[in-house]
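The structure appears right after this line, and notes come after that.
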Amino acid sequence: FGEGGSPAVSGGTIVISWDHEGEDFIAALNTADGTERWRQKREEETTWTTPLIVEHEGKKQVVVCATTRIRSYDLESGKEIWSCGGMTGNVIPTPVAQDGVLYAISGFRGAALLAIKLGRTGDLTDSDAILWKHDKRTPYVPSPLLLDGRLYFHSGNDAYLSIFAAKDGKPLLEAERIAGMTGIYSSPVAAAGHVYFTGRAGSVVVARAGDKLDIVATNKLDEAFEASPAIVGRQIFLRGHRTLYCLEE
């Protein structure tokens, strides 16, 4: 299947997108036996993003960000619900959604962040479904974090953090450097009122969730990290180039 992004799973359905420099498609498979539920042809350049499955007004839809358009498909039938232009090329970050709003972001050779109101159909480009937008210092590889009405995101692949109010796009913090870190591929994750940032050079910075960058701890491992951390219960898993770590209190 396609380059980069992981599949998305909901119930008994797994969704895989295949966007590359050739014939593209998105397909939904039955997790029990691998049979194909539906397939839709796509016209895209290479995309590395993971599809997002989100439920709105009782119906599940699959959203895929890409160079040409963001598209949403009905999870049951595969029918396209809506589409919207506005991303940069070579999209990698996965969108996030909450309270009926989807946040799509990309940052390769440009910058784009769109807050899109769900519930509409058709072409939403430049429509009033776009609640707000931002066009500076958005992430290239890391996905954003949506937590307690705040959107956390990096600048390119650099250790700079922005925090925006998700409701109206008001900047609470704009591109402030995270001390003790350099490059970042990992997405920020959150647990117990804190946000965790993992750097490519081995630093893990822990900050209090809020309107500013309030660092409470910086830890360093002799390892290179590009995968995002996973948190389960009181454990955090970090996958490095050589080693898988499990940290627990």
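Values in this text are rule-based calculations from the coordinates and carry no lab data. Computed from a predicted structure; not experimentally measured. Positions of Cβ are backbone-derived with ideal geometry, glycine not excepted, and every protein chain shown enters the neighbour counts.
Structural remarks
- For segment 1-125, the share of DSSP beta bridges that are antiparallel, to the nearest 5, is 95%.
- Mean Cα-pair separation over length for the chain, i.e. relative contact order, pairs under 8 Å, 6 or more apart, %: 9 percent
- Volume in Å³ per residue [convex hull over Cα atoms, computed for segment 113-243]: 123 Å³
- Sum of side-chain charges, Ser83 neighbourhood, beta-carbon under 9 Å (Lys, Arg +1; Asp, Glu -1): 0
- Per-pair calculated FRET efficiency, R0 = 22 Å: Thr125 and Glu43 via Cβ, rounded to 0.05: 0.90
- Taken along its principal axes, the alpha carbon cloud of the chain reaches lengths of 47, 42, 34 Å, longest axis first.
- Links that overshoot a 18 Å alpha carbon limit, given the list Lys41/Lys79; Lys133/Lys212; Lys60/Lys170; Lys117/Lys212: Lys133/Lys212; Lys60/Lys170; Lys117/Lys212
- Cα shape, segment 1-74, gyration tensor, a/c 1.5 rule: oblate
- 18 Å cut-off, amide nitrogen to a point 7 angstrom out along Arg234 Cα→Cβ, residues in segment 191-211: 191-194
- D_trans [Stokes-Einstein, Kirkwood Rh over alpha-carbon pairs] for segment 1-126, 4 °C, 1.567 mPa s, µm² s⁻¹: 90 µm²/s
- Shown here for segment 191-249: trypsin sites (Lys or Arg not before Pro) in loop regions (DSSP other than H, G, I, E, B) with at most 13 other Cβ atoms within 10 Å, namely Lys212, Arg234, Arg242.
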